[in-house]
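Have a look at the structure below before the remarks.
Nothing in this text is a laboratory measurement; each read-out follows from the coordinates by a stated rule. This structure is a prediction, so every number in the text was calculated from the model and none was measured. We place every Cβ from the backbone using ideal geometry, glycine too, and count neighbours over all the protein chains shown.
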Amino acid sequence: MFYELFSKILFALEPETSHQITTKALKVMNFFPVQEFEKFFLCYTSKRLKLNVWNIEFPNILGLAGGFDKTGELYPVFSNFGFGFIECGTFTPQPQEGNPKPRLFRYEEHFAIVNRMGFNNPGIEKAKEIFLLQKKTIPRGINLGKNKITPNHKAKEDYIEGFQLLYPFADYFVINVSSPNTPDLRKLQSSKEILELINILQKKQKDLNISIPILIKLDPDLEEKEFYLILESFATSGIDGFILTNTTLQREEMYKNFEMGGLSGLPLKNRSTMLIKKAYRFLEGKIPIIGVGGIMNPNDALEKIMAGSSLIQIYTGFVFGGPLFPKKILQYIDNFLEKENCKLQDIIGIDAKI
Ligand SMILES: Cc1cc2nc3c(=O)[nH]c(=O)nc-3n(C[C@H](O)[C@H](O)[C@H](O)COP(=O)(O)O)c2cc1C
């Protein structure tokens with residue numbers, strides 16, 4: 001009831017203001033001994049939901065998507081919200097203000113959000129300071145981007161800087177080349193530069209004797225032919241995983257009047273699921289996929305797994321569904337596995353195999 005009242009107030013406010021209030025409230029929670037209370041009400045644990053991917057033990061397969069915890073400060077509190085992993089960032093080498101406000105728009109009746117935030121973040125040095133103060137709990141992904149002022153031909157250096165400074169804190173890295181809100185960023189998806197970057201990062205890992213999976217996050221608006229070419233070139237370069245997908249710039253007729261920027265939530269759901277299926281089939285299930293885009297109810301989550309996602313993430317669904325949403329999803333998947341007497345591994349990609 002308290003959450004319903006709180007969410008009514010939040011939804012009446014301008015979206016970015018309510019996001020700021022929520023994140024401030026969450027940060028304050030870090031300082032109170034409420035962890036056990038949070039865990040009791042919000043977490044759902046089951047052996048059936050644990051999964052080992054890239055030699056990482058995920059306590060469950062549901063993560064918080066990139067862009068919610070843009071500073072990394074929410075990692076400790078979200079560890080108690082039932083998530084199996086948290087992706088922090090996107091971080092760029094230099095701090096960035098992002099695009100002018102307003103830049104975040106909520107469409108409640110469509111279960112959708114449009115954002116054109118533009119990688120507002122404190123920069124990698126500050127992120128390091130923040131992570132140094134945190135106790136490691138669940139797996140933490142670190143999502144890297146390039147600064148707006150960095151030209152594409154120098155983008156590689158920004159990602160390398162991010163990797164070098166933040167690798168002690170990352171269980172996996174995401175090379176984000178798919179945000180629609182940094183000019184020309186998406187062009188990097190099909191560039192030789194980024195393939196070279198993967199090689200450089202692999203070599204650096206060998207020198208440092210570490211092994212941190214490197215994932216690439218793709219946009220959902222790629223033409224089919226280009227999508228397959230990109231999958232193929234990254235697969236050959238030895239990428240460890242794909243995140244499918246970022247927000248879309250496409251607007252079906254009913255969303256035609258929406259603001260400009262990346263659209264997420266329900267309007268993205270089918271497109272993202274379709275691309276996950278195509279990628280799973282194309283890659284023959286050999287490279288793990290994190291499925292994200294429009295998971296608005298527990299069955300959507302199951303669909304993403306059956307389409308080929310080893311792990312899944314939520315953003316917009318969490319905004320609309322509130323703090324109990326992760327628990328509802330996990331409970332639903334667990335009940336399904338129990339009823340069908342099967343394991344997660346049995347259902348990953350089952351819909352893509354036909
Ligand atoms: C307000 C907002 C900010 C986002 N910022 C980032 C970001 O910084 N980096 C990133 O990789 N994805 C970002 N995303 C994309 C999400 O991680 C996710 O890929 C997308 O929203 C689709 O999932 P959803 O439908 O569950 O929201 C952002 C999404 C939203 C709504």
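By the Kirkwood approach, averaging reciprocal distances over each pair of separate Cα atoms, the stretch 2-352 gets a hydrodynamic radius of 20.2 Å. Which of rounded, prolate, oblate describes the stretch 106-256, given a ≥ b ≥ c as roots of the alpha-carbon gyration tensor eigenvalues and a/c under 1.5 marking rounded, otherwise prolate only if a/b is larger than b/c? Because a/c hits 1.5 or more and a/b fails to exceed b/c, the stretch 106-256 counts as oblate.
In the stretch 241-354, the C-alpha radius of gyration followed by the widest Cα-Cα span (Dmax) gives 14.4, 46 angstrom. With 25 Å as the limit on Cα-Cα distance, the pairs of 70/146; 8/136; 50/128; 50/304; 156/304; 203/277 that go past it are 8/136; 50/128; 156/304; 203/277. Once the dipole of the stretch 2-352 is set up with Lys and Arg at +1 and Asp and Glu at -1 on Cβ about the Cα centre, which of 34, 197, 132 lies farthest towards its positive end? Value computed over the given set: 132.
Given R0 = 30 Å, the distance between the Cβ atoms of residue 255 and residue 8 translates into a calculated FRET efficiency of 0.75. Summed over qualifying helices (DSSP H, 4 residues or more, each -39500 (n - 2.57)) and divided by its residue number, the chain shows a 222 nm mean residue ellipticity of -12000 deg cm²/dmol. The string of couplings for the stretch 332-348 from the Karplus curve (6.51, -1.76, 1.60, θ = phi - 60°) is 5, 5, 4, 4, 4, 4, 5, 4, 7, 6, 9, 9, 3, 4, 6, 9, 5 Hz, one whole number per residue in order, with x for Gly and Pro. Starting from the Cα gyration tensor of the stretch 56-149, take the square roots of the eigenvalues, sort them a ≥ b ≥ c, and report rounded, prolate or oblate (rounded when a/c is under 1.5, otherwise prolate if a/b is larger than b/c, else oblate). It comes out oblate by the Cα gyration axes. Packing order of peptides 171-180, 276-285, highest average first: 171-180, 276-285 (average count of other Cβ atoms within 10 Å over each peptide's residues). Taking other C-beta atoms within 10 Å as the exposure proxy, 28, 319, 53, 292 rank 28, 53, 319, 292 from fewest upward. For the stretch 116-121, backbone phi angles converted through the Karplus equation (6.51, -1.76, 1.60; θ = phi - 60°) give residue-by-residue couplings of 9, 5, x, 6, 5, 6 Hz, Gly and Pro being listed as x. Among 32, 169, 227, the residue with the largest mean-square fluctuation in a Gaussian network model of the chain, with springs joining Cα atoms closer than 10 Å, is 32. Listed values for the stretch 51-68 are Karplus-derived 3J(HN,Hα) couplings in whole Hz (6.51 cos²θ - 1.76 cosθ + 1.60, θ = phi - 60°), namely 8, 9, 10, 6, 6, 10, 8, 8, x, 7, 8, 9, x, 8, 6, x, x, 7, and x replaces Gly and Pro.
Taken along the Cα-to-beta-carbon direction at a fixed 7 Å, the label points for residue 132 and residue 94 span 2.3 nm.
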